[in-house]
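Report on the following structure.
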Amino acid sequence: MIRAQDIHENTPWEDLSPGGEIYEPGTALAFDTGTWRTNTPVLYRELCKHCMLCVPFCPDSAIPVKDGKRLDFDFMHCKGCGICKTVCPFQAIEMNLGGEVK
Amino acid sequence: MANKTMVEIRWHGRGGQGAKMACLLLAEVAGQVGKFVQGFPEYGPERMGAPITAYNRISDTRCPVHSNIYTPDYVVVLDETLLDSVDVTHGLRDGGAIIVNTPSSGEVIRPKLRGYTGALYTLDARHLSEEILGRNFPNTALLAAVVKVSGVLELEAFLEHIEASFRKKFATKPQVIAGNLEILRKASEEVMQG
Amino acid sequence: MKTALSGNEAVAYAMKQINPDVMGAFPITPSTEIPEYFAQYVADGVVTTEFVTTESEHSSMSVCIAASAAGARSVCATSSCGLALMHEMLYVAASSRLPIVLACVNRALSGPININNDHSDSMGSRDAGWIQIYAENNQEAYDNFIMSFLIGETPQVRLPVMACMDGFITSHAVENIELLDTEVVQGFVGTYEPEHYLLKKENPLAVGPYDLSAFYMEHKVMQAEAIRASKARILQVAENLAAISGRHYGLIECHQMEDAELALVLIGSSAGTAKASVDELRQMGQKVGLVKVRVFRPFPAEELAEALYHTKAVAVLDKAESFSGCGGPLFAETRSALYDLPQRPQLINLVYGLGGRDFTTESARSVFERLAQIAETGETGPRYAHMGQRTRGSAT
């Protein structure tokens with residue numbers, strides 16, 4: 001039984017799973033889609049009221065929440081779409097050019 | 001045909017008259033008494049009243065042939081009006097017979113059989129059915145008639161086994177079983193050569 | 001138990017004996033009776049199957065796919081346009097390696113619309129990745145259906161199986177049949193215990209992922225290897241069935257082939273009819289025989305080559321057009337199977353029986369007459385032709 005992390009573009013067919021089955025849940029978590037980003041959000045903590053509007057709008061579940069407070073972005077999965085900036089009522093999020101986290 | 005001991009029967013009826021059911025019932029019962037059987041309908045337009053054909057092969061060995069029957073030993077006609085539109089005696093073998101559901105005598109029917117000179121039997125199956133069941137289901141009466149005329153099964157063995165089949169077929173309306181059994185017995189007595 | 005049943009009744013009865021977990025059901029002539037009879041078993045409480053009625057065949061197959069992935073033994077029945085509407089999902093079932101068993105009651109695929117038998121429906125699905133087994137009569141329909149579970153569910157196979165029978169000719173004909181005892185059937189098929197399935201909570205699973213080109217080819221090779229592996233498994237399961245039933249089945253069935261010089265290759269109920277002609281001609285001293293192809297996928301290429309290599313002339317009878325302009329599907333594959341032989345018989349193709357056109361003992365005899373001429377003169381005439389159609393200027 002091959003694990004998802006062991007499957008790569010050099011895996012021979014004999015080692016793959018029938019039908020491409022994946023024998024563990026949540027393997028998307030391990031997939032670094034943050035490298036696809038061409039714009040990067042910045043959170044201004046002093047303006048953020050933790051209204052939580054940005055959280056459900058994020059298409060990549062890249063805004064972690066802990067104890068009723070949003071944390072900084074999960075940049076491994078944030079693709080930089082900017083929806084969070086658009087929906088934020090307090091202008092607490094801005095988008096910077098480029099994929100780099102500043 | 002491959003097997004000379006085989007009896008082949010062709011049924012002519014109209015959709016809704018029960019030719020298919022009679023044909024399948026005969027196959028089932030003949031199978032129960034130890035014969036090798038085939039009973040199969042030929043479907044045309046699936047409508048009430050459209051002419052339909054059904055077939056039986058009954059023999060002592062398994063018959064591998066799965067075509068329709070073109071040279072039957074016996075022909076059963078459930079609806080007299082078919083004689084005008086269907087060549088029911090087509091391919092009927094010498095030494096065989098045709099059985100027609102009609103209140104008329106053989107003398108009246110024979111001229112409608114397009115020059116057929118072989119054995120002809122008649123039975124007023126409609127009358128029997130209406131008298132006993134109160135409705136026109138000619139199929140069981142003709143089933144008994146063809147068993148009697150062809151001798152393909154012992155009549156008593158046939159009557160004995162068909163009761164079990166009726167219990168299965170009429171599981172939801174057991175009140176018609178006794179009537180159908182009476183029809184079978186009377187039909188086997190009333191079918192006459194003409 | 002010896003009794004007499006139609007092909008549809010026989011398959012519904014096999015289903016009852018197997019008591020599958022799920023049936024995805026949508027009716028279509030001539031397979032409708034199968035879910036109809038089975039629904040009665042469900043209503044009577046004699047099976048515990050989850051009977052899921054759907055709004056289309058695309059959905060009935062989707063139900064089977066989802067159920068099978070969840071770990072349920074799943075069955076389905078369809079015909080003709082129903083199979084066509086499932087077409088997309090047939091590929092999903094096969095490539096997801098889900099051992100669904102589908103009773104395919106063969107019927108012409110439109111148009112013009114026709115409800116009668118030919119093999120155009122399942123031949124149209126021949127490349128979907130399913131194992132395909134064809135029955136000559138109700139007994140084979142019953143036996144094939146029961147064997148299908150053991151074949152498809154084998155870990156090294158894991159493929160769906162289409163158990164085919166001829167619409168009306170087999171599905172609606174009552175014939176003698178020997179049924180196995182229900183306990184025997186249940187012991188034979190056992191319980192379905194896949195290693196991985198969606199509802200196995202200890203081992204979460206994702207099924208049917210998007211496959212990039214870096215992986216798709218590899219998964220297709222795995223599928224191709226699985227269908228190759230199924231050949232041995234089909235024979236093994238047939239042996240197991242023989243042990244409990246006394247009935248023997250192979251990938252092909254050879255009838256009077258030992259010293260045959262002229263032979264037919266064909267599929268389904270017509271093989272029975274042709275056997276009667278073969279026996280008749282044998283009694284007249286003619287060296288004729290036939291090969292019935294029971295399993296079309298995987299294709300029994302080596303077996304056909306071995307059965308036919310010593311013959312002089314062979315007619316492959318296709319009950320489906322493939323509109324290649326040069327022969328039907330059975331012909332194309334049979335001819336290909338013979339290509340590597342050092343010496344080959346003359347081979348012709350006749351497309352017959354489309355949309356319920358009857359095939360009789362006379363039809364089979366007429367083909368043997370033509371083969372005798374070919375063997376004698378060495379001239380094949382047109383290699384690909386149709387038979388049974390009305391043609392201008394020739395008597396019918």
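The values are calculated or read from the model by the stated rules, or taken from the named source; none is laboratory data. Only a predicted model underlies this, so the values are computations on that prediction, with no experimental measurement involved. Heads up, the Cβs are rebuilt from the backbone with ideal geometry, glycines too, and the neighbour counts pull from every protein chain shown. Just the protein is used for accessible areas: all its heavy atoms, side chains included, with ligands, DNA and RNA removed. Shrake-Rupley method; radii C 1.70, N 1.55, O 1.52, S 1.80 Å.
Here are some notes:
- Over region C:177-245: Rg over Rh, Cα atoms, Kirkwood Rh: 1.12
- Here is the short version for chain A: A:C48, A:C51, A:C58, A:C78, A:C81, A:C88 have no other Cys C-beta closer than 4.7 Å.
- Accessible surface of A:C81, taken over heavy atoms with a 1.4 Å probe and every protein chain present, rounds to 80 Å².
- Mean-position separation - Cα centroids, region A:1-42 and region C:214-253, in angstrom: 32
- Counting only DSSP beta bridges whose two residues both lie in region C:2-245, roughly 15 percent are antiparallel.
- Mean separation of Cα pairs under 8 Å and 6 or more residues apart, divided by the residue count, gives region C:2-245 a relative contact order of 23 percent.
- Neighbouring Cβ atoms from other chains, within 10 Å of the Cβ of residues in C:219-228, number 3 on average.
- Beta bridges from DSSP with both residues in region B:8-113: antiparallel share about 65 percent, rounded to the nearest 5.
- Helix-only [θ]222 nm of the protein assembly as shown, DSSP H runs n ≥ 4, -39500 (n - 2.57) each, per residue, nearest 500: -11000 deg cm²/dmol
- Beta bridges by DSSP in the protein assembly as shown, antiparallel share as percent, to the nearest 5: 40
- Binned Cα-Cα distance frequencies in the protein assembly as shown - 10 Å width, integer %: 3, 13, 20, 21, 16, 10, 6, 5, 3, 1, 0, 0
- Cross-link partners of B:K169 among lysines, defined as those whose alpha carbon lies under 25 angstrom from its own and excluding same-chain residues fewer than eight positions apart: B:K20, B:K35, B:K148, B:K186, C:K2, C:K16.
- For A:K85, a cut-off of 19 angstrom between C-alpha atoms picks up these aspartates and glutamates, skipping any fewer than 8 places away in its own chain: A:E46, A:D60, A:D72, A:D74, A:E94, A:E100.
- Solvent-accessible surface (1.4 Å probe) assigned to C:L281 amounts to roughly 10 Å².
- Kirkwood Rh, Cα atoms: Rg over Rh of chain B: 0.93
- Our estimate of slack between C:Q343 and C:A214, defined as 0.36 nm per intervening residue step minus the Cα-Cα distance, is 42.2 nm.
- Accessible area per residue (1.4 Å probe, heavy atoms of protein chains only) ranks C:E261, C:E306 as C:E306, C:E261, with the largest value leading.
- Alpha-carbon centroid distance for the pair region B:63-85 / region B:88-105, whole angstrom: 10
- In plain terms, the C-alpha convex hull of region C:172-313 casts an average shadow of 13.8 nm² when viewed from every direction.
- Heavy-atom SASA rank of C:Y339, A:Y44 (probe 1.4 Å, accessible area, largest first): C:Y339, A:Y44
- For chain C, size of Cβ-based charge dipole, Lys and Arg +1, Asp and Glu -1, in debye: 680
- Efficiency of FRET from Cβ geometry, A:T11 and A:N96, R₀ 41 Å, rounded to 0.05: 0.60
- Shape of region A:1-41, Cα gyration tensor, a/c cut at 1.5: prolate
- Average projection area in nm² (convex hull over Cα atoms of region C:2-245, one quarter of hull surface): 13.1
- Listed residues C:T391, C:H255, C:G328: farthest to the positive end of the dipole of chain C (Cβ charges): C:T391
- With only the Cα atoms considered, region C:252-387 has a convex hull volume of 98 Å³ per residue.
- Per residue of C:141-147, other chain Cβ atoms within 10 Å of the residue Cβ number 0 on average.
- Region C:302-355 and region C:2-72: distance between their alpha carbon centers, rounded to Å: 35
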